[in-house]
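The values are calculated or read from the model by the stated rules, or taken from the named source; none is laboratory data. This structure is a prediction, so every number in the text was calculated from the model and none was measured. Counting neighbours? That spans all protein chains shown, and the Cβs are built from the backbone with ideal geometry, glycine included. Side chains are part of the model used for accessible areas, which takes the heavy atoms of the whole protein and leaves out ligands, DNA and RNA. Shrake-Rupley method; radii C 1.70, N 1.55, O 1.52, S 1.80 Å.
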Amino acid sequence: MLRSTFLVFALCLAAAPACAADRVTSDGRDFDGPAPFESIFDGESLRNWENPDMTYWTVEDGAITGRITREHPCTVNQYLVWKGGELADFELKLQSRLNGEGAINSGFQFRSRLLPDHDICGYQVDNNLQTPWLVRLYEEFGRHTLAMRGERTTFGLDGERIGGKLDPAEEPAWFRLEDWHDYHLICLGSKLTLFVNGKLAAEVVDQDPRRQAFKGILGLQLHSGPPSVVQFRDIRLKIIKLAEPVLQAPIASREKRRTALCNEAVAWWPLDSGGHGAHPPLRHIPGWEKFELNVRAEGQGARPGTRIVLLDGAYFDAGPTLPAEENQLTVFLRARDPKGLWCSALFSKGAGSERVTFCMSSGESPDTSLPDIHFEVGTKQGLVRVGFPVSKMEASAWHDIVGRYDGKSVALFCDGKLMASRRCHGALLKNDEPLLIGAEADGGKIVHHFHGQLQEAALWPRSLTRKEIEILSLPP
(Lines give C-alpha, C1' and ligand atoms only; values in the text may rest on other atoms or scores of the structure.)
Protein backbone atom coordinates (compact mmCIF):
# COMPACT_ATOMS: atom_id res chain seq x y z
CA MET A 1 0.00 0.00 0.00
CA LEU A 2 2.07 2.96 1.25
CA ARG A 3 5.33 1.21 0.36
CA SER A 4 4.29 0.64 -3.24
CA THR A 5 3.12 4.25 -3.49
CA PHE A 6 6.45 5.47 -2.09
CA LEU A 7 8.32 3.32 -4.61
CA VAL A 8 6.59 5.15 -7.46
CA PHE A 9 7.48 8.48 -5.85
CA ALA A 10 11.12 7.45 -5.44
CA LEU A 11 11.39 6.36 -9.08
CA CYS A 12 10.00 9.70 -10.16
CA LEU A 13 12.59 11.46 -8.03
CA ALA A 14 15.42 9.69 -9.82
CA ALA A 15 14.54 11.62 -12.97
CA ALA A 16 14.10 14.97 -11.23
CA PRO A 17 16.81 17.58 -11.95
CA ALA A 18 16.68 19.25 -8.53
CA CYS A 19 17.73 17.67 -5.24
CA ALA A 20 15.47 17.73 -2.19
CA ALA A 21 17.58 20.34 -0.44
CA ASP A 22 16.95 22.72 -3.35
CA ARG A 23 13.20 22.29 -2.87
CA VAL A 24 13.25 23.54 0.74
CA THR A 25 13.25 27.24 1.57
CA SER A 26 15.18 28.80 4.44
CA ASP A 27 12.07 28.79 6.62
CA GLY A 28 11.38 25.10 6.08
CA ARG A 29 8.71 25.40 3.38
CA ASP A 30 9.05 22.89 0.55
CA PHE A 31 8.71 23.79 -3.11
CA ASP A 32 6.37 21.78 -5.28
CA GLY A 33 8.16 18.57 -6.31
CA PRO A 34 7.36 15.26 -7.94
CA ALA A 35 7.08 13.41 -4.61
CA PRO A 36 4.21 14.78 -2.48
CA PHE A 37 3.79 14.26 1.23
CA GLU A 38 1.68 11.24 2.16
CA SER A 39 -0.25 10.92 5.43
CA ILE A 40 0.89 7.95 7.55
CA PHE A 41 -1.77 8.46 10.25
CA ASP A 42 -5.45 8.31 9.30
CA GLY A 43 -6.62 10.43 12.26
CA GLU A 44 -8.97 7.71 13.47
CA SER A 45 -7.06 4.53 14.31
CA LEU A 46 -3.62 3.14 15.14
CA ARG A 47 -3.52 1.04 12.00
CA ASN A 48 0.08 0.81 10.71
CA TRP A 49 1.44 1.60 14.19
CA GLU A 50 2.53 -0.93 16.83
CA ASN A 51 3.80 -1.39 20.37
CA PRO A 52 3.82 -4.57 22.51
CA ASP A 53 1.72 -2.76 25.13
CA MET A 54 -0.96 -0.71 23.37
CA THR A 55 -2.68 0.21 26.65
CA TYR A 56 -0.73 3.48 26.74
CA TRP A 57 -1.82 4.54 23.25
CA THR A 58 -5.17 5.77 21.92
CA VAL A 59 -6.56 8.17 19.31
CA GLU A 60 -8.20 11.23 20.84
CA ASP A 61 -9.56 14.22 18.92
CA GLY A 62 -7.80 13.11 15.75
CA ALA A 63 -4.38 12.74 17.44
CA ILE A 64 -2.24 9.76 18.46
CA THR A 65 -2.20 10.06 22.24
CA GLY A 66 0.23 8.51 24.73
CA ARG A 67 -0.90 8.80 28.32
CA ILE A 68 0.59 8.01 31.75
CA THR A 69 -1.64 8.20 34.84
CA ARG A 70 -1.19 7.34 38.50
CA GLU A 71 -3.53 4.41 37.95
CA HIS A 72 -1.53 3.29 34.90
CA PRO A 73 2.12 4.24 35.62
CA CYS A 74 4.98 3.80 33.18
CA THR A 75 8.50 2.81 34.26
CA VAL A 76 9.94 1.98 30.83
CA ASN A 77 9.88 4.20 27.73
CA GLN A 78 7.12 3.25 25.29
CA TYR A 79 7.53 3.59 21.53
CA LEU A 80 4.74 3.49 18.96
CA VAL A 81 6.57 2.31 15.85
CA TRP A 82 5.42 2.97 12.29
CA LYS A 83 5.02 -0.33 10.46
CA GLY A 84 6.01 1.09 7.07
CA GLY A 85 9.60 -0.08 7.37
CA GLU A 86 12.95 1.67 7.48
CA LEU A 87 13.44 5.22 6.21
CA ALA A 88 16.55 6.54 4.46
CA ASP A 89 16.35 10.06 2.99
CA PHE A 90 13.01 11.69 3.74
CA GLU A 91 11.06 14.66 5.00
CA LEU A 92 8.65 14.32 7.91
CA LYS A 93 6.05 16.83 9.05
CA LEU A 94 3.90 16.48 12.15
CA GLN A 95 2.24 18.46 14.91
CA SER A 96 2.77 17.66 18.57
CA ARG A 97 2.10 18.88 22.06
CA LEU A 98 3.23 17.72 25.51
CA ASN A 99 1.68 18.24 28.93
CA GLY A 100 2.31 16.77 32.35
CA GLU A 101 3.63 17.18 35.85
CA GLY A 102 7.16 18.58 35.96
CA ALA A 103 9.98 18.45 33.41
CA ILE A 104 8.31 15.92 31.12
CA ASN A 105 10.32 14.51 28.21
CA SER A 106 9.12 13.15 24.88
CA GLY A 107 9.93 13.19 21.18
CA PHE A 108 10.24 10.83 18.24
CA GLN A 109 12.92 8.49 16.92
CA PHE A 110 14.06 8.38 13.30
CA ARG A 111 16.65 6.34 11.40
CA SER A 112 16.77 4.27 14.57
CA ARG A 113 17.24 0.64 15.58
CA LEU A 114 14.52 -1.35 17.33
CA LEU A 115 16.02 -3.36 20.20
CA PRO A 116 14.79 -6.85 21.20
CA ASP A 117 12.66 -5.50 24.08
CA HIS A 118 11.10 -2.82 21.83
CA ASP A 119 13.29 -0.08 23.27
CA ILE A 120 15.01 2.01 20.60
CA CYS A 121 18.48 3.44 20.05
CA GLY A 122 19.45 6.05 17.49
CA TYR A 123 18.58 9.53 16.27
CA GLN A 124 15.78 11.39 18.06
CA VAL A 125 13.96 14.70 17.99
CA ASP A 126 13.93 15.25 21.74
CA ASN A 127 11.84 17.76 23.66
CA ASN A 128 11.57 18.54 27.36
CA LEU A 129 9.33 20.82 29.39
CA GLN A 130 10.94 23.27 31.82
CA THR A 131 14.29 23.37 30.06
CA PRO A 132 15.91 26.39 28.36
CA TRP A 133 16.47 24.44 25.12
CA LEU A 134 13.02 22.76 24.79
CA VAL A 135 13.97 20.90 21.58
CA ARG A 136 17.18 19.28 20.36
CA LEU A 137 18.56 16.67 17.98
CA TYR A 138 19.65 13.75 20.13
CA GLU A 139 20.99 10.19 19.97
CA GLU A 140 19.27 7.71 22.32
CA PHE A 141 21.75 5.32 24.00
CA GLY A 142 24.55 6.99 22.03
CA ARG A 143 26.28 10.37 22.01
CA HIS A 144 23.25 12.03 23.64
CA THR A 145 23.00 15.70 22.56
CA LEU A 146 23.84 16.18 18.90
CA ALA A 147 22.64 19.78 18.58
CA MET A 148 20.66 21.93 20.98
CA ARG A 149 18.00 24.29 19.73
CA GLY A 150 19.89 27.16 18.12
CA GLU A 151 22.97 25.04 17.26
CA ARG A 152 24.58 23.77 14.08
CA THR A 153 26.91 20.81 14.73
CA THR A 154 29.29 18.74 12.63
CA PHE A 155 30.74 15.38 13.68
CA GLY A 156 33.94 14.72 11.75
CA LEU A 157 35.42 11.51 10.40
CA ASP A 158 37.28 11.10 13.71
CA GLY A 159 34.08 11.61 15.73
CA GLU A 160 35.10 15.07 16.94
CA ARG A 161 32.19 17.41 17.58
CA ILE A 162 32.40 20.96 16.21
CA GLY A 163 29.48 23.16 17.16
CA GLY A 164 28.32 26.68 16.51
CA LYS A 165 25.31 28.93 16.81
CA LEU A 166 22.72 29.24 14.10
CA ASP A 167 22.49 32.65 12.53
CA PRO A 168 20.48 34.13 13.99
CA ALA A 169 20.10 32.00 17.12
CA GLU A 170 16.47 32.24 18.19
CA GLU A 171 16.17 33.27 21.83
CA PRO A 172 13.75 33.09 23.50
CA ALA A 173 11.82 30.15 22.05
CA TRP A 174 9.15 31.01 19.48
CA PHE A 175 6.89 28.07 20.45
CA ARG A 176 5.48 26.29 23.49
CA LEU A 177 5.68 22.51 23.89
CA GLU A 178 2.36 22.59 25.75
CA ASP A 179 0.62 23.98 22.65
CA TRP A 180 0.31 22.43 19.22
CA HIS A 181 3.51 23.14 17.28
CA ASP A 182 4.87 21.98 13.92
CA TYR A 183 7.97 19.87 13.31
CA HIS A 184 9.57 19.58 9.89
CA LEU A 185 12.50 17.13 9.85
CA ILE A 186 14.67 16.72 6.75
CA CYS A 187 17.18 13.86 6.50
CA LEU A 188 19.46 13.92 3.46
CA GLY A 189 22.53 11.70 3.65
CA SER A 190 24.57 12.77 6.66
CA LYS A 191 22.64 16.05 7.13
CA LEU A 192 19.78 16.29 9.64
CA THR A 193 17.77 19.53 9.68
CA LEU A 194 14.96 20.40 12.08
CA PHE A 195 12.46 23.25 11.72
CA VAL A 196 9.91 24.16 14.40
CA ASN A 197 6.97 26.33 13.39
CA GLY A 198 8.77 27.13 10.15
CA LYS A 199 12.02 28.35 11.74
CA LEU A 200 15.34 26.52 11.69
CA ALA A 201 15.83 25.03 15.17
CA ALA A 202 18.85 22.69 14.90
CA GLU A 203 21.11 21.14 12.30
CA VAL A 204 23.60 18.25 12.35
CA VAL A 205 26.06 16.94 9.80
CA ASP A 206 27.09 13.49 11.02
CA GLN A 207 30.19 12.24 9.22
CA ASP A 208 31.31 9.87 11.99
CA PRO A 209 31.55 6.53 10.14
CA ARG A 210 31.15 4.47 13.32
CA ARG A 211 27.96 6.13 14.55
CA GLN A 212 26.15 7.76 11.63
CA ALA A 213 22.93 6.11 10.47
CA PHE A 214 21.59 6.37 6.93
CA LYS A 215 18.40 4.41 7.54
CA GLY A 216 16.21 3.12 10.34
CA ILE A 217 12.76 3.03 11.85
CA LEU A 218 10.37 5.81 12.91
CA GLY A 219 8.85 5.71 16.40
CA LEU A 220 6.84 8.07 18.62
CA GLN A 221 7.98 8.23 22.23
CA LEU A 222 6.04 8.22 25.50
CA HIS A 223 8.76 8.75 28.08
CA SER A 224 8.54 6.96 31.42
CA GLY A 225 7.92 9.11 34.46
CA PRO A 226 5.11 11.05 36.16
CA PRO A 227 1.60 11.51 34.74
CA SER A 228 1.79 13.05 31.28
CA VAL A 229 0.11 13.25 27.89
CA VAL A 230 1.89 13.46 24.54
CA GLN A 231 0.01 13.85 21.27
CA PHE A 232 0.91 13.67 17.57
CA ARG A 233 -1.28 14.54 14.60
CA ASP A 234 -1.15 15.43 10.90
CA ILE A 235 1.84 13.08 10.38
CA ARG A 236 3.04 13.32 6.78
CA LEU A 237 5.99 11.71 5.07
CA LYS A 238 7.83 12.36 1.83
CA ILE A 239 10.23 9.64 0.68
CA ILE A 240 13.30 11.05 -1.10
CA LYS A 241 15.43 7.91 -1.19
CA LEU A 242 14.27 4.40 -0.36
CA ALA A 243 16.15 2.43 2.29
CA GLU A 244 18.21 -0.26 0.61
CA PRO A 245 17.29 -3.77 1.74
CA VAL A 246 19.86 -5.76 3.67
CA LEU A 247 21.14 -8.63 1.55
CA GLN A 248 21.77 -11.71 3.63
CA ALA A 249 25.04 -13.36 2.65
CA PRO A 250 25.24 -17.17 2.79
CA ILE A 251 26.16 -18.32 6.27
CA ALA A 252 29.35 -20.36 6.37
CA SER A 253 29.17 -23.77 8.00
CA ARG A 254 31.65 -22.68 10.70
CA GLU A 255 29.48 -19.68 11.55
CA LYS A 256 26.48 -22.00 11.83
CA ARG A 257 28.41 -24.22 14.25
CA ARG A 258 29.44 -21.17 16.24
CA THR A 259 25.86 -19.91 16.50
CA ALA A 260 24.65 -23.36 17.51
CA LEU A 261 27.33 -23.50 20.22
CA CYS A 262 26.37 -20.09 21.59
CA ASN A 263 22.70 -21.09 21.58
CA GLU A 264 23.61 -23.98 23.89
CA ALA A 265 24.97 -21.55 26.50
CA VAL A 266 22.86 -20.79 29.55
CA ALA A 267 23.58 -17.13 28.78
CA TRP A 268 24.63 -15.57 25.47
CA TRP A 269 24.59 -11.80 25.45
CA PRO A 270 25.15 -9.79 22.23
CA LEU A 271 26.28 -6.57 23.92
CA ASP A 272 25.78 -4.14 21.04
CA SER A 273 22.10 -3.96 22.07
CA GLY A 274 23.00 -3.41 25.72
CA GLY A 275 21.30 -6.54 26.98
CA HIS A 276 17.85 -5.23 26.06
CA GLY A 277 15.53 -8.24 25.84
CA ALA A 278 18.32 -10.63 26.89
CA HIS A 279 17.70 -13.95 28.62
CA PRO A 280 18.84 -14.21 31.34
CA PRO A 281 18.19 -10.49 31.93
CA LEU A 282 21.15 -8.11 31.67
CA ARG A 283 21.12 -4.47 32.77
CA HIS A 284 23.51 -1.71 31.78
CA ILE A 285 24.40 0.54 34.71
CA PRO A 286 24.02 3.54 34.63
CA GLY A 287 20.86 3.40 32.58
CA TRP A 288 21.67 6.09 30.02
CA GLU A 289 25.25 7.39 30.27
CA LYS A 290 28.90 6.28 30.24
CA PHE A 291 28.26 3.90 27.36
CA GLU A 292 27.26 3.87 23.69
CA LEU A 293 25.27 1.10 22.02
CA ASN A 294 25.14 0.04 18.37
CA VAL A 295 28.57 1.39 17.34
CA ARG A 296 30.29 -0.11 14.30
CA ALA A 297 33.30 -2.24 15.22
CA GLU A 298 36.73 -1.06 14.10
CA GLY A 299 40.35 -1.95 14.73
CA GLN A 300 42.50 -4.98 14.08
CA GLY A 301 40.47 -8.17 14.32
CA ALA A 302 37.08 -6.43 13.93
CA ARG A 303 34.52 -8.56 12.12
CA PRO A 304 32.97 -6.84 9.10
CA GLY A 305 29.50 -5.43 9.64
CA THR A 306 29.41 -6.05 13.39
CA ARG A 307 28.23 -3.66 16.10
CA ILE A 308 29.60 -3.26 19.61
CA VAL A 309 29.16 -1.34 22.87
CA LEU A 310 31.60 1.28 24.14
CA LEU A 311 32.04 1.33 27.92
CA ASP A 312 33.40 4.41 29.67
CA GLY A 313 32.57 3.72 33.30
CA ALA A 314 29.36 1.74 32.76
CA TYR A 315 29.02 -2.03 33.21
CA PHE A 316 26.52 -4.87 32.83
CA ASP A 317 24.79 -6.70 35.70
CA ALA A 318 23.23 -10.16 35.23
CA GLY A 319 22.16 -10.56 38.86
CA PRO A 320 23.40 -12.94 41.57
CA THR A 321 21.99 -16.22 40.25
CA LEU A 322 24.55 -18.25 38.34
CA PRO A 323 23.13 -21.34 36.58
CA ALA A 324 26.21 -23.59 36.60
CA GLU A 325 27.39 -27.05 37.54
CA GLU A 326 29.47 -27.36 40.69
CA ASN A 327 32.53 -28.75 38.92
CA GLN A 328 32.53 -27.24 35.41
CA LEU A 329 32.31 -23.80 33.86
CA THR A 330 33.27 -21.97 30.63
CA VAL A 331 33.04 -18.20 30.18
CA PHE A 332 33.66 -16.24 26.97
CA LEU A 333 34.13 -12.55 26.25
CA ARG A 334 34.98 -10.76 22.99
CA ALA A 335 36.72 -7.53 23.96
CA ARG A 336 39.04 -4.77 22.83
CA ASP A 337 41.05 -2.21 24.78
CA PRO A 338 41.85 0.42 22.11
CA LYS A 339 44.61 1.90 24.29
CA GLY A 340 46.16 -1.51 24.88
CA LEU A 341 46.34 -0.96 28.65
CA TRP A 342 44.32 -3.97 29.91
CA CYS A 343 44.05 -2.96 33.57
CA SER A 344 40.49 -3.74 34.67
CA ALA A 345 37.92 -6.41 35.41
CA LEU A 346 36.36 -8.12 32.40
CA PHE A 347 33.84 -10.82 33.41
CA SER A 348 33.38 -11.87 37.01
CA LYS A 349 31.28 -13.20 39.85
CA GLY A 350 32.66 -12.15 43.18
CA ALA A 351 36.03 -10.82 44.34
CA GLY A 352 38.46 -11.69 47.08
CA SER A 353 39.95 -15.08 47.90
CA GLU A 354 36.87 -16.34 49.73
CA ARG A 355 34.15 -14.85 47.52
CA VAL A 356 35.12 -15.74 43.94
CA THR A 357 33.25 -18.15 41.72
CA PHE A 358 35.23 -16.95 38.72
CA CYS A 359 37.00 -13.78 37.66
CA MET A 360 38.37 -12.91 34.23
CA SER A 361 40.37 -9.71 34.50
CA SER A 362 43.46 -7.84 33.41
CA GLY A 363 46.13 -5.90 35.19
CA GLU A 364 49.58 -6.00 36.67
CA SER A 365 51.03 -9.46 37.12
CA PRO A 366 52.15 -10.17 40.72
CA ASP A 367 55.18 -12.01 39.29
CA THR A 368 56.46 -9.57 36.65
CA SER A 369 54.67 -6.26 37.43
CA LEU A 370 53.73 -6.20 33.72
CA PRO A 371 50.10 -6.22 32.44
CA ASP A 372 48.58 -9.62 31.86
CA ILE A 373 45.23 -11.29 31.23
CA HIS A 374 44.22 -13.71 33.96
CA PHE A 375 41.42 -16.06 34.93
CA GLU A 376 40.77 -17.46 38.37
CA VAL A 377 38.26 -19.75 39.96
CA GLY A 378 37.40 -20.26 43.60
CA THR A 379 36.82 -23.80 44.78
CA LYS A 380 36.55 -25.43 48.17
CA GLN A 381 40.23 -26.26 47.77
CA GLY A 382 41.17 -22.60 47.37
CA LEU A 383 41.69 -19.89 44.74
CA VAL A 384 43.58 -20.87 41.57
CA ARG A 385 44.76 -18.35 39.00
CA VAL A 386 46.30 -18.60 35.53
CA GLY A 387 47.41 -15.81 33.20
CA PHE A 388 49.57 -14.71 30.31
CA PRO A 389 51.38 -11.43 29.46
CA VAL A 390 49.57 -8.90 27.29
CA SER A 391 52.79 -8.81 25.24
CA LYS A 392 51.84 -12.21 23.80
CA MET A 393 48.91 -10.66 21.91
CA GLU A 394 48.28 -7.52 19.86
CA ALA A 395 47.33 -5.26 22.76
CA SER A 396 44.96 -2.88 20.92
CA ALA A 397 43.21 -5.52 18.76
CA TRP A 398 40.00 -7.48 19.23
CA HIS A 399 40.37 -10.76 21.14
CA ASP A 400 38.21 -13.77 22.04
CA ILE A 401 39.04 -14.63 25.65
CA VAL A 402 37.83 -17.91 27.16
CA GLY A 403 38.22 -19.13 30.74
CA ARG A 404 37.48 -22.81 31.47
CA TYR A 405 37.27 -25.02 34.55
CA ASP A 406 36.68 -28.74 33.96
CA GLY A 407 36.96 -30.02 37.54
CA LYS A 408 40.59 -31.05 37.03
CA SER A 409 42.27 -27.88 35.77
CA VAL A 410 41.71 -24.19 35.07
CA ALA A 411 42.71 -22.91 31.63
CA LEU A 412 42.80 -19.59 29.77
CA PHE A 413 42.51 -19.27 25.98
CA CYS A 414 42.98 -16.30 23.66
CA ASP A 415 41.73 -16.40 20.06
CA GLY A 416 41.34 -20.16 20.24
CA LYS A 417 44.85 -20.85 21.56
CA LEU A 418 45.69 -22.23 24.99
CA MET A 419 47.71 -19.56 26.81
CA ALA A 420 47.93 -20.95 30.36
CA SER A 421 46.64 -23.82 32.49
CA ARG A 422 47.03 -25.20 35.99
CA ARG A 423 45.77 -28.23 37.84
CA CYS A 424 42.82 -27.52 40.08
CA HIS A 425 39.94 -29.48 41.59
CA GLY A 426 36.99 -29.13 43.91
CA ALA A 427 33.46 -27.74 43.73
CA LEU A 428 33.09 -24.10 42.69
CA LEU A 429 32.34 -21.66 45.46
CA LYS A 430 28.93 -20.01 45.51
CA ASN A 431 28.25 -16.42 46.52
CA ASP A 432 25.50 -13.82 46.40
CA GLU A 433 27.55 -11.31 44.41
CA PRO A 434 26.18 -10.21 41.01
CA LEU A 435 27.63 -11.54 37.78
CA LEU A 436 29.21 -8.51 36.13
CA ILE A 437 30.62 -7.72 32.70
CA GLY A 438 32.99 -4.76 32.57
CA ALA A 439 33.56 -4.54 36.34
CA GLU A 440 33.69 -6.67 39.48
CA ALA A 441 31.93 -6.61 42.85
CA ASP A 442 33.95 -6.54 46.05
CA GLY A 443 32.18 -6.34 49.38
CA GLY A 444 29.16 -4.55 47.96
CA LYS A 445 31.24 -2.08 45.93
CA ILE A 446 31.60 -2.09 42.14
CA VAL A 447 35.26 -1.65 41.21
CA HIS A 448 37.81 -1.97 38.40
CA HIS A 449 35.61 -0.69 35.56
CA PHE A 450 36.57 -1.63 32.00
CA HIS A 451 37.05 1.30 29.60
CA GLY A 452 36.91 -0.22 26.15
CA GLN A 453 34.78 -2.10 23.66
CA LEU A 454 32.76 -5.31 24.00
CA GLN A 455 30.87 -7.35 21.43
CA GLU A 456 29.45 -10.42 23.19
CA ALA A 457 29.68 -12.60 26.28
CA ALA A 458 28.52 -16.14 27.05
CA LEU A 459 28.54 -18.72 29.82
CA TRP A 460 28.22 -22.51 29.74
CA PRO A 461 27.71 -24.75 32.81
CA ARG A 462 30.14 -27.27 31.31
CA SER A 463 33.66 -27.48 30.01
CA LEU A 464 33.90 -26.69 26.30
CA THR A 465 36.28 -28.82 24.26
CA ARG A 466 39.38 -27.38 22.59
CA LYS A 467 37.62 -27.71 19.23
CA GLU A 468 34.57 -25.80 20.48
CA ILE A 469 36.77 -23.02 21.83
CA GLU A 470 38.47 -22.75 18.44
CA ILE A 471 35.04 -22.43 16.79
CA LEU A 472 34.26 -19.40 19.02
CA SER A 473 37.22 -17.55 17.52
CA LEU A 474 36.15 -17.00 13.93
CA PRO A 475 38.61 -15.13 11.73
CA PRO A 476 37.54 -11.56 10.85
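Between GLU298 and THR55, what FRET efficiency comes out of the Förster formula 1/(1 + (r/R0)^6) with R0 = 60 Å and r the beta carbon distance, rounded to 0.05? Walk me through the numbers on the way to the answer.
Details: r = 42 Å, r/R0 = 0.70.
Between THR55 and GLU298 the formula returns 0.90.
Sequentially through the range 386-395, phi angles give Karplus couplings (6.51, -1.76, 1.60; θ = phi - 60°) of 10, x, 8, x, 4, 5, 7, 9, 6, 4 Hz, Gly and Pro residues having no value and appearing as x.
Compared with the alpha-carbon gap, the fully stretched path from GLU44 to ASP117 is longer by 23.5 nm at 0.36 nm per residue.
Taken one residue at a time, the phi angles of the range 214-222 give Karplus couplings (6.51, -1.76, 1.60, θ = phi - 60°) of 9, 7, x, 8, 10, x, 8, 9, 10 Hz. Gly and Pro are set to x. Keeping the other protein chains in place, figure out the carbon and sulfur percent of the accessible area of the range 37-193, with a 1.4 Å probe. Result for the range 37-193: 47 percent of the exposed heavy-atom area is carbon or sulfur. Note: the chain, Cα convex hull, 163 Å³ per residue. Probing with 1.4 Å while keeping every protein chain in the model, the per residue accessible area of the chain equals 44 Å². To put it simply, the accessible area of the range 307-407 at a 1.4 Å probe is 43 percent carbon and sulfur.
Across the range 285-378, Cα-Cα distances exceeding 20 Å account for 50% of all pairs. Return the whole-Å distance between the Cα centroid of the range 454-473 and the Cα centroid of the range 29-101. What the calculation gives is 43 Å, centre to centre. Approximating the spin labels as points 7 Å out from Cα along Cα→Cβ, the PHE214-to-SER391 distance works out to 4.5 nm.
Placing R0 at 22 angstrom, the Cβ-Cβ distance between GLU264 and ARG307 gives a FRET efficiency of 0.40 after rounding to 0.05.
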